[in-house]
Structures are given as C-alpha cells and as structure tokens.
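Worksheet for the structure shown next.
The values are calculated or read from the model by the stated rules, or taken from the named source; none is laboratory data. These figures come from a predicted structure and were not determined experimentally. Quick reminder, even Gly has a Cβ in these numbers, built from the backbone with ideal geometry, and neighbours come from all protein chains shown.
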Amino acid sequence: MTVSPRATSGGLISHSPRVLGSTSYEPSIAAAERFLAERAPGTRAELGYDPLDLDSTRYGSGEWRRAFARSSFGDVQHAELANPQTIDRDGVVAFFASMGWIGDLPDQERSALLEELRSLVAAEEYVRPWTTHAHGTRLD
C-alpha cells in the first residue's frame, strides 16, 4: 500500500493497487498457476498467505483500519478504480519470478522453474485486472 499525505489540512490518502486474483488473467494462466502451486512451499492455509499472490492478507482482512479507530482521524472513505494492465508473457513470468519463495530457490532450480513457467504462458499478451483501492480520511 502506498501512503501519501495529500492535504495540508490534516488529511491522508492512500492507494493500493490490487490484482483481482491471478486466475482472472485473460487469457487464462490456470495451467501455469497449477504448475507453481505444486512447487510452492505450502498452501495459503499452511503459510498464512497465498504463495502465488502479492496481496497481503492483512490488507484484505481490513486489519489495518483498526489503527484509524484509535486515532484522531475521521471515518475512512473508500473508492475502487479499475486499472487493467496489459503485459506480455515475459511480464507474467517476471511477476511470478518476483515472489520471494521463487527468488530463494537455488539459481539452477529457479531457472528451470521459470523456463517451464514460460512454456505455460504462451500468449503474446495478457490482461491483468488490477483494481486501485483508494482510501481517504481527515483529522477530526
């Protein structure tokens, strides 16, 4: 989440770009996701997060809002803005390569995994359906 003070009168605006789940790529990357899920260090239930997703469970749970409940800020307002991203196959591979558990693999194992992943994302172009979640509040 990016937090940016935007007003000198005591306001706060934040925005968080979130993908609407990796399975909603167009065209589908379900085969690539199955391949990676089979090699991930665990499941969401075991790890406490989805190893194929950069979305923090803390953000999704709304837990971060508790800090505002104990503050001098007013109610947090929320808006969502569609922000689809068109990427090529290398962009899809790079997204998954940026996952910490993949980066932690030994070089030879990581290279082989990414080569196989690349073979499973054969389309020239993909649309990843990001949504920007904007939040704003002011000091009471």
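Details
- As a summary of the residue check, A7 satisfies the conditions (1) modelled with pLDDT of 80 or more; (2) over 18 Å from the mean Cα position of the chain (by Cα) except for the one numbered (1).
- Residue match in region 55-73 (condition: farther than 18 Å from P41 by Cβ, hydroxyl-bearing (S, T, Y), surrounded by 11 or more Cβ atoms within 10 Å (Cβ to Cβ) and modelled with pLDDT under 95): yes
- Yes/no for V76 being in contact (Cβ under 8 Å) with a residue 12 or more places away in the chain and under 23 Å from E33 (Cβ atoms): no
Residue by residue, here is whether (1) closer than 22 Å to A32 by Cβ; (2) out of contact with any strand residue (DSSP E or B) (no Cβ under 9 Å at 6 or more places or on another chain); (3) in contact (Cβ under 8 Å) with a residue 60 or more places away in the chain holds:
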residue	(1), (2), (3)
E63	no, yes, no
Q85	yes, no, no
D88	yes, no, no
M99	yes, yes, no
P106	yes, yes, no
A112	yes, yes, no
A134	no, no, yes
R138	no, no, yes
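- Positions within region 14-24 being closer than 20 Å to L114 by Cβ and either assigned to a strand (DSSP E or B) or at pLDDT 90 or above (or both), in sequence order: V19
- Whichever residue in region 74-88 is among the hydrophobic types (A, V, I, L, M, F, W, C) and surrounded by 14 or more Cβ atoms within 10 Å (Cβ to Cβ) and, among such residues, is farthest from the chain's Cα centre (by Cα): V76
- Sole residue being outside any helix (DSSP H, G or I) and closer than 21 Å to S14 by Cβ, chosen from G42, G60, G136: G136
- Of all residues in region 103-140, those satisfying the criterion of being closer than 16 Å to A30 by Cα and of a type in the set (S, T, Y) are S119, Y126.
- Comparison of A32, A37 shows that the only residue that is in a helix (DSSP H, G or I), surrounded by 15 or more Cβ atoms within 10 Å (Cβ to Cβ), modelled with pLDDT of 90 or more and among the aliphatic types (A, V, I, L, M) is A32.
- Boolean, G42 is surrounded by 13 or more Cβ atoms within 10 Å (Cβ to Cβ) and modelled with pLDDT of 90 or more: no
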